[in-house]
Structures are given as structure tokens and as C-alpha cells.
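Everything below concerns the one structure shown next.
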Amino acid sequence: MSSAFHRFANPARFMRYSAVILPWSLWITAALIAVGLYLALFVAPADYQQGDSVRIMFVHVPAAWMALFVYTNMAVASAVALIWRHPLAHIAAHGSAPIGACFTLIALVTGSLWGKPMWGTWWVWDARLTSVLVLFFLYLGYIALADAFDDGAKGAKAAAILALVGFVNVPIIKFSVEWWNTLHQPASVIKMGGPSIHASMLVPLVIMALGFTTFFVAVLILRMRAAIVGAKLRTLQIALIERGA
Amino acid sequence: MNEFFAMGGYAAYVWPALAVTAMVMAGIYIQSHRALHAREVELDALQQARAEAEPEESHGAET
């Protein structure tokens, strides 16, 4: 177990594998989002209560799922970075944060655009909306903290602790629609007793969510490769300066 | 076709929602791609400069 773990935590090996995975993840993303959008806009029916405004769901819900999924990913990577000090774990957590912030922003803006015609308001300070706004600020705080120290290792450690402490917000978001009164509708896909949403809407929703997941993989690979190349660059620059002196 | 773009009267909400999603996702992708590319170019240039400055130190073991 731990040997397999170490094998994937090796940066040189990561560079080799990720170079193979990257183009595949981009092509799969393009295909999934093309099929998902086609089904969402042309095949899925209008909702009997919400009409065509329900089509916002096909980007809003996958983005909101990704906001939570990416944060969970970041918290796990941060725990691995703190406990086992794997060289790639912090790079993975740090690379995830801006992508998660983007998905959270999409969930907030599209939710607002869906809320205006359905609830009659762009925003309410209820538990679900407020806790997702807190998630957005946690992402921004993580990014700011990780880059706030001259000593990169200190910033990495502080940011990892913030990611772990902030994880308490993830179950709060998930269950906020059950624990508190809210305008936001309760879960209709990931819940006890199975999804209560019709297949004509569930299928495009799941395809879009898979497309967003492979998109996350592709962008995370780009950001992790940039971090590894950046580290190599710094090492080389320091070596050149020392030789010159 | 016009009926499709009208989105049952919700065009003003559906299309901006899709546009924001596309713009934010394209934005993070392009930014990430450019950052990686810029560093790869810089690393290549630096490695080439080092190889040219000290040809006697370059050996086959480093690939």
C-alpha cells in the first residue's frame, strides 16, 4: 500500500503519467460537455413548475458539487501533506484551490440567476447560500495564506491547517437544506432512497458533472506541472547565481 | 429557432448563466495553460544557456 502510494507521489513519475493523462482528460471533457449541453438544452423537458429556467440546473448543480468535491480533495491532500510530507500533496492542494474557487463562483452566480425568476430575489442570507459564500472565502483565504509567507514551506503548512479547519463547512453546506428553513430546494439526486429526479434530467446532469470532473483533472494537471516546473526553475536559478558569485 | 433562444421567457437568466459558466471555466483553463507554458519556455532557455556556457560539465546521465 505505502509503496504504491510513494510511487505516485514521485514528481518525476507524476510528470510522465500526467503528460499522458492530460490530452485524454481534455478530449473526454469536450465530449462530455458537448453531449451534456445538447441533452440539457434540446432533449431534457422544461420543468412543469419552473419552465425553461430549470436548464440553469445543468450548470449550477454540477458546479456546486464540484465546489464541495474540490474542497474535500484539497482537505485530504492537505492532511497528507501535513502527516506524510509528500512532495506532491501540497502541490495538489495548492493547485486545486483556484479551480474550486471558480466552481464556487459559478455556483453562486448561476444560483443567483436562477433564484431571481424562481424566488423573486437574487440573494437571501439563508443557511445554504451563506455557507457556500463562506466556502468561496475559504478558497480565497487558502490562496492568500499559501502565498503570504516568504518561506514557502511555512505558507504551505498554514494553508493546509486552514483547509482542514475549513472542512467543517462541507457537511454544513450539504445538510444546510435539511437543518434550517431555506428557500433553496432540498437534495434530489444524492439522498436516501435514491434520486427523485426523472432520467431525462438526471442523465444530462450526471454527464455534465462528469465533464466538470474531467475538466478539474485537466486543469489540476496543468497547475501541478506549472508548480513542478517552477520549482525546477528556482533550483536552477539559485545554482546559476551561486556559480556566478 | 427563436423559440429556442427565448427559453420560455427565461432567456435573460438561462443564457447569462451559461455564459458566466463558460467564461469562468475558459478563464481558469487559459490562465493555467499560459502559466505552465511560460515556465516551460523559461526553463528551456535557462537549461540551454547553462549547457552552452559550460559544455564540459554537461554529461549524458542527465536527461
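Hey, does the stretch A:54-63 have a residue that's under 25 Å from residue A:135 (Cα atoms) and charged (D, E, K, R)? Looking through the stretch A:54-63, at least one residue is under 25 Å from residue A:135 (Cα atoms) and charged (D, E, K, R). Once the stretch A:7-26 is narrowed to residues that are loosely packed, with under 12 Cβ neighbours inside 10 Å and not basic (Lys, Arg), the residue that is modelled with the lowest pLDDT is A:8. Pairs linking a residue in the stretch B:18-35 that is within 7 Å of chain A (Cβ to nearest Cβ) to a residue that is of a type in the set (Gly, Ala, Ser), with Cβ atoms under 6 Å and 6 or more positions apart or on different chains, are B:35/A:226. When every residue of the stretch A:102-119 is checked against the conditions, at least one turns out to be surrounded by 16 or more Cβ atoms within 10 Å (Cβ to Cβ), under 24 Å from residue A:18 (Cα atoms) and touching a helix residue (DSSP H, G or I) at 6+ places or on another chain (Cβ under 6 Å). Of the residues making up the stretch A:105-128, those that are touching a residue at least 40 places away in the same chain (Cβ under 8 Å), under 30 Å from residue A:158 (Cα atoms) and not charged (D, E, K, R) are A:106, A:107, A:127. All conditions but one from (1) surrounded by fewer than 18 Cβ atoms within 10 Å (Cβ to Cβ); (2) modelled with pLDDT under 90 apply to residue A:202; the one that does not is (2). Somewhere in the stretch A:125-134, is a residue at pLDDT 95 or above, surrounded by fewer than 17 Cβ atoms within 10 Å (Cβ to Cβ), under 16 Å from the mean Cα position of the chain (by Cα) and in a helix (DSSP H, G or I)? For the stretch A:125-134, residues at pLDDT 95 or above, surrounded by fewer than 17 Cβ atoms within 10 Å (Cβ to Cβ), under 16 Å from the mean Cα position of the chain (by Cα) and in a helix (DSSP H, G or I): present.
When only residues in the stretch B:10-59 that are β-branched (Val, Ile, Thr) and surrounded by 15 or more Cβ atoms within 10 Å (Cβ to Cβ) count, which is farthest from residue A:47 (Cα to Cα)? Step through it out loud before you land on a result.
Our first condition is that a residue be β-branched (Val, Ile, Thr); within the stretch B:10-59, this holds for B:14, B:20-21, B:24, B:28, B:30, B:41.
Subsequent filtering for residues that are surrounded by 15 or more Cβ atoms within 10 Å (Cβ to Cβ) retains B:14, B:20-21, B:24, B:28.
Numbers: B:14: 14, B:20: 22, B:21: 21, B:24: 27, B:28: 32 Å.
Here the residue is B:28.
Of the helices (runs of 4 or more DSSP H) lying entirely inside the stretch A:1-120, those carrying at least 1 residues that are closer than 30 Å to residue A:200 by Cα and facing another protein chain (nearest Cβ under 9 Å) are A:11-38, A:57-84, A:87-119. Scanning the stretch A:162-180 for residues that are among the aliphatic types (A, V, I, L, M) and loosely packed, with under 14 Cβ neighbours inside 10 Å returns A:165, A:168.
The values are calculated or read from the model by the stated rules, or taken from the named source; none is laboratory data. Bear in mind the structure is a predicted one, so any value in this text is a computation, not a measurement. Glycine gets a Cβ as well: all are built from the backbone with ideal geometry, and neighbour counts include every protein chain shown.
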